[in-house]
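J.: Before I ask anything, here is the structure I am working with.
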Amino acid sequence: MSKPKLALYWAAGCGGCDIAVLDIEEKILDVADFFDIVFWPCAMDFKYSDVEALGEKEIDLTLFNGAIRTSENQYMAELLREKTKLLVAFGSCAMEGCIPALSNFYDKQGTLDYAYRDAPSVDAESRGTYPQTHTAMPEGEIEIPEFFNTVKSLDQVVAVDYYIPGCPPQSFQVLGVIEAVIDILKTGKPLPPKGAVLGAGEKTCCDECPRERKEKKIKQFFRPHEIIPREDICLLDQGIICLGPATRSGCGALCVQANIPCRGCYGPPPQVQDQGAKMIAALSSVIDATTPEETRKIMEKIADPLGTFYRFSMAHSTFKRVQQEAAETVDA
């Protein structure tokens, strides 16, 4: 009998999710032994034509990481959806947009203007030269992907069967999910319900955190480098923005155990639609202020609040992107 087929793809992201797969160490040999890896361009010499040549639903499992930033990302999402039985949004970028989706605070033209005209790194000779989707050259026409106005999560482009959160997903959770999939394919056990979040918990990061929380009132916020926090007391109680109250459990609270605040990469907990709004609500209950002016002064100590509260979930937030007069309509 032929092996089940596995595909892995890297769209708009940093590549950390591919490294997370390799972080399962020698267990990667078990994956290679059980699956026929038919597409993993980050690690092996595959071409898009290799996927195009496969039959419909011939791939058993695809781990798709990265957001949808360009027409190339969208094409591969649609192609892999057509060829795959179980499509998994692997990591925060595919699940919620993550860091790439922070550009949704701006429009396409503003992003290109900075990258090709205004950034200090742009040299004088090439300043103001923008990439074109089609460029005629003596050797032929060069075509590059179209840069979209809006960054989307994978499920805003195609139907997704399952989600694995994290930036990147923790290696022990990756291994647990892969071993569970192997067991299901071997034994015929029922699959989890469609849309399930795998490799994560059902509570918040605070429920995993060993620190003591007293929910003390806060008169001042600090950035992590401004104080040396105690290791036994809740970081939020010490005035450090920690997104534990608005973040799904499952990572083992690894960051806070290293005296670093949770940034929110596992996404919102169950029943929470908007992670940023949830965190703002959590802060509103602990700020020690009696007037709007006093509240404003305390909140002004939070550097980049939108980037902090929506660092990983902008594409899945209630507003999805900032609407600007110069912005194009959201890509259809």
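FYI, it's all coordinate maths here, none of it is from the lab. The model shown is predicted, which means the values in this text are computed figures rather than measured ones. All Cβ positions, even for glycine, are placed from backbone atoms using ideal geometry, and neighbour counts span all protein chains on display.
J.: Can you tell me which of Asn259, Asn104, Asn65 moves the most in a GNM of the chain? Springs connect C-alpha atoms under 10 Å apart.
T.: Checking each option, the largest mean-square fluctuation is seen for Asn259.
J.: When the distances between all Cα atoms of the range 193-238 are binned every 5 Å from zero, what whole-number percent does each bin get?
T.: The calculated distribution, bin by bin, is 5, 17, 21, 18, 13, 9, 8, 6, 3, 0.
J.: Another one. Based only on other Cβ atoms within 10 Å, what is the fewest-to-most ordering of Ser2, Ser313, Ser153?
T.: Working: Ser2 5, Ser313 29, Ser153 25.
The most exposed by this proxy come first: Ser2, Ser153, Ser313.
J.: For Ile287, which sequence-distant residues (separation of 5 or more, or a different chain) have an amide H within less than 5 Å of its own amide H, given hydrogens modelled in the peptide plane?
T.: For Ile287, the qualifying residues are Ile218.
J.: I need the fraction of alpha carbon pairs in the chain separated by more than 38 Å, rounded to a whole percent.
T.: Working: 12754 of 54946 pairs.
Across the chain, Cα pairs with separations above 38 Å total 23 percent.
J.: Between rounded, prolate and oblate, where does the range 173-222 land on the alpha carbon gyration tensor, with a ≥ b ≥ c its root eigenvalues, rounded for a/c under 1.5, else prolate if a/b exceeds b/c?
T.: Numbers: a/c = 4.25, a/b = 3.49, b/c = 1.22.
Taking the square roots of the gyration eigenvalues as a ≥ b ≥ c, the range 173-222 is prolate.
J.: Right, here's the next one. Kirkwood hydrodynamic radius for the range 107-219: how many Å is it when counted over pairs of different Cα atoms? Kindly include the intermediate steps, with their values, before the conclusion.
T.: On the way: mean 1/r = 0.0500 Å⁻¹.
For the range 107-219, the Kirkwood estimate is 20.0 Å.
J.: Can you sort Thr318, Thr150 by how many other beta carbons sit within 10 Å, fewest first?
T.: Values: Thr318 8, Thr150 21.
Taking fewest neighbouring Cβ atoms as first place, the list is Thr318, Thr150.
J.: Kindly work out what percent of the DSSP beta bridges joining two residues of the chain are antiparallel, to the nearest 5. Intermediate values should be presented prior to the final figure.
T.: On the way: 8 of 28 bridges.
Expressed as a percentage, antiparallel bridges in the chain total about 30.
J.: So for Asp237, Asp232, fewest C-beta neighbours within 10 Å to most, what's the order?
T.: Working: Asp237 19, Asp232 8.
Fewest-to-most ranking of Asp237, Asp232: Asp232, Asp237.
J.: Given a cut-off of 30 Å, name the pairs among Lys27/Lys57; Lys5/Lys320; Lys27/Lys108; Lys27/Lys152; Lys3/Lys194; Lys152/Lys217 whose C-alpha atoms lie farther apart than that in the structure shown. If you can, show how the numbers build up before the last one.
T.: Working: Lys27/Lys57 26 Å; Lys5/Lys320 34 Å; Lys27/Lys108 42 Å; Lys27/Lys152 32 Å; Lys3/Lys194 24 Å; Lys152/Lys217 37 Å.
Beyond 30 Å between Cα atoms: Lys5/Lys320; Lys27/Lys108; Lys27/Lys152; Lys152/Lys217.
J.: Now for a separate question. Calculated FRET efficiency, Glu58 and Tyr114, Cβ-Cβ r, R0 41 Å, to nearest 0.05? All intermediate terms of the calculation are to be shown ahead of the outcome.
T.: Working: r = 42 Å, r/R0 = 1.03.
With R0 = 41 Å, the Cβ-Cβ based efficiency is 0.45.
J.: Per 0.36 nm of contour for each residue apart, how much would the distance between Ser121 and Tyr75 grow if the chain were fully extended, relative to their Cα-Cα spacing? All intermediate terms of the calculation are to be shown ahead of the outcome.
T.: Details: separation 46, 0.36 × 46 = 16.56 nm, distance 3.11 nm.
Result: 13.4 nm gained on full extension.
J.: Starting from a Cα-only point model with no solvent, please compute log10 I(q)/I(0) by Debye for the range 205-301 at q = 0.13, 0.25 1/Å.
T.: Debye output, listed in q order: -0.43, -1.39.
J.: Of Lys85, Lys203, Lys297, which has the largest mean-square fluctuation in a 10 Å C-alpha GNM of the chain?
T.: Highest fluctuation of the listed residues: Lys297.
J.: I would also like to ask the following. Calculate the radius of gyration of the Cα atoms of the range 246-321 to one decimal place, then report Dmax, the largest Cα-Cα distance, as a whole number, both in Å.
T.: 13.5, 38
J.: Determine ³J(HN,Hα), in whole Hz, for all residues of the range 166-176 in sequence, where each value follows from phi through the Karplus function 6.51 cos²θ - 1.76 cosθ + 1.60 and θ = phi - 60°; x replaces Gly and Pro.
T.: Per residue, the Karplus-derived 3J(HN,Hα) values read x, 10, x, x, 5, 4, 5, 6, 4, 4, x Hz.
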